[in-house]
Amino acid sequence: MSELSDWSGRLSAPLLSLRNVTLSYGDTVALSAVNLDVGAGKVVAVIGPSGCGKSSLLRAVAGLEPLTNGRIELDGQSLEGVATHERGLGLMFQDHALFPHLSVGDNVAFGLRMQHQPTEQRQQRVGELLDLVGLAGLQSRAVHSLSGGEAQRVALARALAPSPRLLMLDEPLGSLDRVLREQLASELRRLFTELGVTALHVTHDQAEAFTMADHIVVLRNGQIEQQGAPAELWHSPTSVFVAQFLGHPNIWKDTSGHVLAPITAVRVDPNGPIEAQVEQVEFREGRFRVTARELVVVEARRLVFDHNSALAVGDVVRLFVDKAQLAALAD
Ligand code: ADP
């Protein structure tokens, strides 16, 4: 093998790889033969409903739960027998609260103390990290005086301070209100890209995953149902489960099985072949989201579409569905 191909081979090798990972708690199989790669510098989000195995996946990578079967490698090295604190991981867990008796600076310095970094170097690094997360100069603040958003920034600074090989995020913004969550999610996205952070991010909030991740994995009952780049996953869900989980409203059953109509496939058209009655109108981000129910036909579908002007509940509209945009879904 030439030097060049060897180099490019190493560049494309995943930083984290899970092979055939199975994790059971007694009779409960939380993860079943999971294969997953996280490339260096990439953010991979794992999403899925409660109980699908997200936390178990993180706990397995962190070494907090033994594998029933399979193998996890970080940077080409098996993690078997490697203790959690020796894995080079940064953990930002929802339940991984800040130490209440330590100042902001001492919280951020925690992992650096574990690495026995000299005081001066440590203080400089803490300063850099607080700068990075937008909390410059807050070293001596008491943790209890922080807002929820500030506390999560400190938790992030603490996780990043020891320069972990892999950052693991478990519902990192789960405790924040929606506006702050969206704002912090896009800040984190920018920060991770700038720093080239490799992260495994677990959340039940698909919007957070779409904002932050390069690659999204959908888990269902401990198995990977589908994975792909955010746009690919959004535009081409392959199953009813994924389409529903992502929030696609138009999933219809026809004679050949389930089909997905993206919201853009349905529109009001005076010459449209479908007659439907408006059941609900919501105002969303500048447009009206309308739910209408087909009239006349036996198995009436609900059709959801966006519209520029308000329609009244009870209005009868004619709709056109662009068949070219329909996609079959597995049941
Ligand atoms: P998620 O994080 O997606 O909610 P979990 O990984 O916590 O899912 O759980 C996956 C499955 O494993 C669920 O059926 C859950 O009840 C079960 N489980 C999780 N932790 C334990 C445990 N410590 N003991 C027994 N069963 C568990």
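Structural remarks
- Pair list, Cβ < 9 Å and 6+ apart or interchain, from region 308-331 residues that are at positive phi to residues that are open to solvent by less than 80 Å² (accessible area, probe 1.4 Å): Gly314/Gln277; Gly314/Val278; Gly314/Glu279
- Any chance Arg165 is surrounded by fewer than 21 Cβ atoms within 10 Å (Cβ to Cβ), of a type in the set (Lys, Arg) and within 21 Å of Ala62 (Cα to Cα): yes
- Scanning region 27-64 for residues that are touching a residue at least 40 places away in the same chain (Cβ under 8 Å) and among the hydroxyl-bearing types (Ser, Thr, Tyr) gives Ser32, Ser50, Ser55, Ser56.
- Taking the criterion of being more than 13 Å from the ligand (Cβ to nearest atom) and touching a helix residue (DSSP H, G or I) at 6+ places or on another chain (Cβ under 8 Å), the residues of region 46-73 that qualify are Gly63, Leu67, Ile72.
- When residues in region 168-180 are screened for being crowded, with 21+ Cβ neighbours inside 10 Å and in contact with a Ser or Thr (Cβ under 9 Å, 6 or more places away or on another chain), 4 of them pass.
- Count - residues of region 164-177 that are outside any strand (DSSP E or B) and closer than 17 Å to Ile47 by Cβ: 4
- Test: residue in region 56-64 that is farther than 17 Å from Pro14 by Cβ and open to solvent by 40 Å² or more (accessible area, probe 1.4 Å): yes
- Taken together, Thr198, Thr193, Thr203, Thr211 contain a single residue that is of a type in the set (S, T, N, Q), open to solvent by less than 50 Å² (accessible area, probe 1.4 Å) and away from the ligand (no atom under 16 Å from the Cβ), which is Thr198.
- Restricting attention to region 295-331 and to residues that are of a type in the set (Asp, Glu) and at pLDDT below 95, the residue that is most open to solvent (accessible area, probe 1.4 Å) turns out to be Glu299.
- Contacts under 9 angstrom Cβ, first residue in region 105-116 being closer than 23 Å to Ser145 by Cβ, partner part of a helix (DSSP H, G or I) and among the acidic types (Asp, Glu), 6 or more apart: Arg113/Asp106
- Filtering region 74-95 to residues that are open to solvent by less than 20 Å² (accessible area, probe 1.4 Å) and within 16 Å of the ligand (Cβ to nearest atom) leaves only Met92.
- Which listed residue, of Arg19, Arg71, Arg10, is modelled with pLDDT under 95 and basic (Lys, Arg): Arg10
The values are calculated or read from the model by the stated rules, or taken from the named source; none is laboratory data. Note that the coordinates shown come from a computational prediction; the quantities given were computed from them, not determined experimentally. Ideal geometry is used to build each Cβ from the backbone, glycine not excepted, and the neighbour counts take in all protein chains shown. With ligands, DNA and RNA removed, areas are computed over all heavy atoms of the protein, side chains included. Shrake-Rupley method; radii C 1.70, N 1.55, O 1.52, S 1.80 Å.
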